[in-house]
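A.B. asks: Below: one structure in structure tokens.
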Amino acid sequence: MIVHVGIDDADSRIGGCTTYVASRVVKELVELGRSFVDYPNLIRLNPNIPWKTKGNAAVALRFSTDDPDSDFQLICECVVNNSEIHTGNANPAVVMFIGGEMPSELERFSERTLTDVVSSKQALSHAASHQMRIATWGNGMGVVGAVAAIGYKLDSDYTYELLAYREPENWGSKRGVDAESVRQMDRETYPLTFNNYDPKAKRILITPRGPDPVLFGVRGEDPTTLLRALSVLKVKEPIHSFLIYRTNQGTGAHLTRPLDTRRLKAYTSGYLDGEVASFPKITVGGHVFFKIRSESDEVACAVYEPTGDLRKIAVKLNPGDSIRVGGGVRPRSRSHSTVINVEYIQILKTTPGYRFLSPSCSKCGRRMTSLGRLKGYKCRHCGSRDERLQKLSEVLPSKVEEGLYLPATRAQRHLTKPLQRFGLEKTKSKTPRPEGVWYFFATHPQDTGLIPISPEILV
Ligand SMILES: [Zn+2]
């Protein structure tokens, strides 16, 4: 029979990583001879929820077994042994659903976890109504992602990520990934891999910073390209293991629903169409704020300084520009109104800007001063006045072009759909069965010296 196992929140803010724990589980299941019917799924949930763990990632494993109960037991033990429960910072959950056909209400629940805020109570009630096996530790919040991952089908657009992990003794030390080889890999695999490198900041993006077990992660369109990318990388420390995940990263899936301007629910994600209603203002710290008018409501939008390129576009918007903004809802506080934290701007139609000027003096040519509304102007320099003169407006051509604008690569979220992926989207299709090399577990990595991965073992 086919079972679906969801694992979430096995990581914590200080270290660890849900995908690493999942990779340990996969190793055990592979050794038991379980047959996987899909690549492990790495599901990113609503990134605008502030109480998320690091990347808000959950994992689903789908395989056939004749002994789901003992598998569930084994998986729970593996999660306990490998996650950060002992530090009190992880709140893992393991959930198992038995059966082939996914209930449609479970799919809808999963879709909601991408854009909305859902409670562990709601997740538990779904789990209970579908007779799932459930194990939770800590505060039990992990159950949301675990149930969501099971129900998330990845049947429209999706991508892959090859995640390589470090030897535990190397956790916390500098990662031995050669930067030049990352740039070479990026050139050789473009456009089939993405977000390897930020050319403006000259920064490698495949390696996380921090003490977690991930050595690097390469994102791309298909497993074959990821293995090719791996063979180009020069890695100066042993690879403990790797796993290829199928994932919703890079699909923009959290920003596909319209936000309701009447009820901008805190921490939801989506998009809003409207007209720019005010000139953008730059605040202390370099953040850009402007208002968008949508269906007679005005909503404040914030484009933060680290978004780099996106911020540069935002400051050039003119009132009247017709745009779509995607992002998350930051709730009203004592110091500010409800704000959309902008993750992309699509300029649908530009309008020229304008500014009002006082007329020039006909005698001396200098700028005149208003005598009050509709009362004309006088010249403070030569004393001439003219009651009939009116304010002049000057048309300023738009400084932006229509199109889609994203934050700098380094500031993009896991779910952000990079520009290069437009046109590469996968369409509704059958679940791809894992084939070829989709995992690697070093048996005695201490004996292998440097890289245990060579192109030969990848074919
Ligand atoms: Zn004058």
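A.B. asks: State which residue is surrounded by the fewest Cβ atoms within 10 Å (Cβ to Cβ) when the search covers only segment 315-346 and only residues that are under 24 Å from T115 (Cα atoms) and among the hydrophobic types (A, V, I, L, M, F, W, C).
C.D. replies: V339
A.B. asks: Suppose we keep only residues that are within 12 Å of the ligand (Cβ to nearest atom) and of a type in the set (D, E, K, R) within segment 364-381. Which one would you say is nearest to T409 (Cα to Cα)? Quick ask: steps written out before the conclusion?
C.D. replies: Pass one, segment 364-381, residues within 12 Å of the ligand (Cβ to nearest atom): 364-369, 377-381.
With the extra rule that they be of a type in the set (D, E, K, R), the set shrinks to 366-367, 378, 380.
Details: R366: 48, R367: 46, K378: 53, R380: 52 Å.
Once the filter is applied, the top-ranked residue is R367.
A.B. asks: Quick one: in segment 353-363, of everything that is loosely packed, with under 13 Cβ neighbours inside 10 Å and over 10 Å from S393 (Cα atoms), which residue is nearest to the ligand (Cβ to nearest atom)?
C.D. replies: Going through the qualifying residues, I end up with K363.
A.B. asks: Of the residues T256, T283, T261, T225, which is under 17 Å from the mean Cα position of the chain (by Cα) and among the β-branched types (V, I, T)?
C.D. replies: Numbers: T283 fails: under 17 Å from the mean Cα position of the chain (by Cα); T261 fails: under 17 Å from the mean Cα position of the chain (by Cα); T225 fails: under 17 Å from the mean Cα position of the chain (by Cα).
Exactly one of T256, T283, T261, T225 is under 17 Å from the mean Cα position of the chain (by Cα) and among the β-branched types (V, I, T), namely T256.
A.B. asks: Moving to a separate point now. Is there any pair with a first residue in segment 387-399 that is touching a residue at least 24 places away in the same chain (Cβ under 8 Å) and of a type in the set (S, T, Y) and a second that is part of a loop (DSSP other than H, G, I, E, B) and surrounded by 10 or more Cβ atoms within 10 Å (Cβ to Cβ) whose Cβ atoms are under 7 Å apart and which are 6 or more apart or on different chains, and what are they?
C.D. replies: Within 7 Å, the pairs are S398/N318; S398/T350; S398/T351; S398/P352.
A.B. asks: Can you spot a residue in segment 156-177 that is assigned to a helix (DSSP H, G or I), in contact with a helix residue (DSSP H, G or I) (Cβ under 9 Å, 6 or more places away or on another chain), closer than 30 Å to T443 by Cα and of a type outside the set (D, E, K, R)?
C.D. replies: For segment 156-177, residues assigned to a helix (DSSP H, G or I), in contact with a helix residue (DSSP H, G or I) (Cβ under 9 Å, 6 or more places away or on another chain), closer than 30 Å to T443 by Cα and of a type outside the set (D, E, K, R): absent.
Per-residue answers, yes or no, for (1) closer than 30 Å to L45 by Cβ; (2) assigned to a loop (DSSP other than H, G, I, E, B):
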| position | (1), (2) |
| --- | --- |
| I345 | yes, no |
| K363 | no, yes |
| R410 | yes, no |
| K426 | yes, yes |
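A.B. asks: Just checking, which of S393, S335, S362 is in contact with a strand residue (DSSP E or B) (Cβ under 6 Å, 6 or more places away or on another chain), of a type outside the set (V, I, T) and either modelled with pLDDT under 95 or over 26 Å from G220 (Cβ atoms) (or both)? Talk me through it step by step, then tell me what you get.
C.D. replies: On the way: S335 fails: in contact with a strand residue (DSSP E or B) (Cβ under 6 Å, 6 or more places away or on another chain); S362 fails: in contact with a strand residue (DSSP E or B) (Cβ under 6 Å, 6 or more places away or on another chain).
Sole residue among the options that is in contact with a strand residue (DSSP E or B) (Cβ under 6 Å, 6 or more places away or on another chain), of a type outside the set (V, I, T) and either modelled with pLDDT under 95 or over 26 Å from G220 (Cβ atoms) (or both): S393.
The values are calculated or read from the model by the stated rules, or taken from the named source; none is laboratory data. These numbers were taken from a predicted model, which means no experiment stands behind them. In this analysis, Cβ positions are derived from the backbone assuming ideal geometry, glycine residues included, and neighbour counts consider all displayed protein chains.
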